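Undergrad: The structure's right below; bear with me while I get my questions together.
The values are calculated or read from the model by the stated rules, or taken from the named source; none is laboratory data. Note that the structure is predicted; figures quoted are calculated from it, not measured. Glycine also receives a Cβ, built like all others from the backbone with ideal geometry; neighbour counts cover every protein chain displayed. All accessible areas refer to the heavy atoms of the entire protein, side chains included, with ligands and DNA or RNA removed. Shrake-Rupley method; radii C 1.70, N 1.55, O 1.52, S 1.80 Å.
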Amino acid sequence: MEESPSATKAAKICSIQCDPIQNPTGGCIALCSSICGYFCNISDSSPPLQSPTPLPTDGFILSTPTPKHHHSPLSLPLKISLVILVVTFSLFLLYTLYKFYTVWYRSRRRRSPPPSPETQETHDEFLDHDVLDHPIWYIRTIGLQPSVISAITVVKYSKTDGLIEETNCSVCLSEFEEDETLRLLPKCNHAFHISCIDTWLRSHTNCPLCRAGIVKNTTSSSSDQNLDDSGRTEETRLAIPIPEEVNREERQSELDRQSSELRTVVVDEEEKGEMIGGSGTSDLLIMRRSVSLDDYAACRIRSDVRNNYYSDRHEVQIQSIDGDLGFELIKMNFVKKLAESPDLNSIPSIYTYTTNPNESPASDPQDSIPTIDFSLLTSPDPSIRLQVIQKLGNACKDWGFFQVINHGVPETLMNMVIEKSVEFFNLKDEEKKDYEEKDVLDPIRYGTSFNSKKDEVFCWRDFLKVIVHPKFHSPNKPLGFSEVLLEYSKRTREVARGLLSGISTSLGLDQSYIEKALELEHGLQVFVVNLYPPCPQPELAIGLPPHSDHGLLTLLINNGVGGLQIKHNDKWVNVNDTLPNSFLVNTADHLEIFSNGKYKSVEHRAVVNNAVTRVSVVVANGPSVDAVVRPAYELVDEERCRAAFIPMKYEEYLEMQQGNQIVGKTCLDRVRKITSQLSKCCLGARPKTSIGGR
Ligand SMILES: O=C(O)CCC(=O)C(=O)O
Ligand SMILES: [Fe+2]
């Protein structure tokens, strides 16, 4: 077919216009597209140059509106590779930006101070702000704090009591076994294995079965807190279930009838009898009347439910906050606050402590408590050193308790540490809130009782516990506290190590034996302040029940108010008249283990009074947390003096002791071997080694 003249003309123009050599800056013209021998049809970004309209036959039109098109010197495969590279790079960039954002967002959440109570929803306090990223889906979930999870009711499974409808755990799908311990969720009463549901609740805030929430979604502000008659504040915190009775419908209709009004429940003898000895379900009937309870009632009912009976006839004042019936409130109830209520004439029953009726009341000691002159331990005269070491050994063996004088810690520092500790307790609630106990192994713990999550009877005591060695921690308030604390911890550590070197020698070991074997250079030192406010019924309450301390040696001072009692020759004796500027020192569990029972940890307790606040400042000095504590090999003899304790890492012992209720020496008994396996030597007789040996 013959080419038209206009096409020939166009081809000619094109060959000049589009040739990159002849016209390096030139562009295509519209008619080029069908005839161009260069790159007019190849473009990665410009719209296709191919004209949708047929070429005009009567001449050509210069494409002035057409964007300039540069001829690319790149080949097609190279261009494709470039495109792939750019796309890959962009995706990589986007992903990196996303990662940076999530890291920044999380660190910002961690750094930002906790929101003020005025602006924060109450339930938020119970959420665990460590957002969990599920690796596959990258779903960001927030769970509950461990302290909240562990506050949820635990029950024993029984097929016959009808309390739990399900027969298996919906998380792991395995059958519940008789007497198995389960967690019963509030609101829905669904039960699960503790480990199954706890794992779930670390990343969720509701029931895995029915999605019912765990934490109440109420807003709290300082102005909408409820004040009861005694001026105590009340906040809705956590929904904890009132135990389920057999007839759920009945319970529901009963609950529906309740309204948001103030109510009083009186548990009378008849009901009590019914509850304890009756049908087996009526102990729960009383509970269904409960709406949101005041703090003390909540604690009490929690404890009563735990014990499964009401111990006495009592009144419980109940206030509903939001009409959400059947759930109680929980919050840290500090005794200081309770004691400050002007009309407090009696103690809430959760503080009622029953002493052993067979035990005679404490008396003053017949012999005076041993006194150790610390300065003599480093006397240049060896006979003086030997004398004081012997005295120290006897004090550990016969008493487990002694006073230390001439220790070198300035009196001003000792007074200052008490002063600053009291100032800490006098800080405003908001200022102390950051230090409120969440976990028993937190380095700084401001709390009440001994272990308020586990105690069935609460101690009339608030405390501050701070780990000051091997890593030093301190609250940053009040002003000057941390400086005083640092100095005090250093000076008391020196005293403890000096005493332990004497004790080491008194056991017939090298003076640095304990130091080395128990890694005292990294030894755990815990500073504890106990605050015992005046108590309206001191004879019914206890400051700290009988217990022994963990660690090796405890050093104690107080504000001049008596209250400490120790068990000596199976009788409780008062520790009142102590020498000025002295430390009261007692032997603790790990010295008993290490000495294979030769130096026993002393049992002691703190009683309270109705007139003044007592403050004691205690420093517990222990081995390194990583040290496995066992009886010293030199003090063990397979034939005559077997090891009386099983070895246990100090850290594990600590968790065991601090994570449970404190009852006498039961914690130590858990690592004690049974008596029948032991020889006389381990049960109190002197070991074969003597002072000055090896
Ligand atoms: O306060 C006291 O006197 C005793 C304190 C005590 O035993 C302790 O903190 O372990
Ligand atoms: Fe103690």
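Undergrad: Please report, in cubic angstrom per residue, the volume enclosed by the convex hull of the alpha-carbon atoms of the stretch 342-475.
TA: About 214 Å³ per residue, rounded to a whole number.
Undergrad: Roughly how many Å² is the accessible area per residue of the stretch 559-624, as a whole number, for a 1.4 Å probe?
TA: Counting only protein heavy atoms, the per-residue value for the stretch 559-624 is 30 Å².
Undergrad: What area, in nm² and to one decimal, does the C-alpha convex hull of the stretch 407-553 cast on average over all directions?
TA: 10.6 nm²
Undergrad: Oh, and also: In Å and whole numbers, how far do the C-alpha atoms of the stretch 552-624 stretch along each principal axis, longest first?
TA: Its Cα atoms span 42, 28, 20 Å along the three principal axes.
Undergrad: Tell me, what % of the accessible area of the stretch 606-669 is carbon and sulfur with a 1.4 angstrom probe?
TA: So the carbon and sulfur contribution to the accessible surface is 50 percent.
Undergrad: Here's another thing I want to ask about it. With the other protein chains left in place, how much accessible area per residue, in square angstrom, belongs to the stretch 428-538 at a 1.4 angstrom probe?
TA: Ligands and nucleic acids excluded, the result is 37 Å² per residue.
Undergrad: Rounded to two decimals, what is the ratio between the C-alpha radius of gyration of the stretch 472-619 and 2.2 N^0.38 Å?
TA: 1.13
Undergrad: Once label points are set 7 Å from the Cα along Cα→Cβ at both Tyr98 and Val86, what is their separation, rounded to one decimal in nm?
TA: 2.2 nm
Undergrad: How much of the accessible area of the stretch 381-454, probe 1.4 Å, is carbon plus sulfur, in whole percent?
TA: With neighbouring chains kept in place, the figure for the stretch 381-454 is 50 percent.
Undergrad: If you don't mind, there's one more thing I want to ask. How many percent of the accessible area of the stretch 547-588 is carbon or sulfur, using a 1.4 Å probe?
TA: 40 percent
Undergrad: I want to check the label-to-label distance for Asn345 and Asp439. Put each point 7 Å from Cα in the C-beta direction and report it in nm to one decimal.
TA: 4.6 nm
Undergrad: How much length is gained if the chain between Asp429 and Thr412 is pulled fully straight, taking 0.36 nm per residue apart and subtracting their Cα-Cα distance, in nm to one decimal?
TA: Contour length minus Cα-Cα distance gives 3.3 nm.
Undergrad: Still on this structure, please answer the following. I need the P(r) histogram for the stretch 367-410: all alpha carbon pairs, bin width 5 Å from 0 out to the longest distance, whole percents.
TA: Values per bin, smallest distances first: 6, 24, 29, 24, 13, 4, 0.
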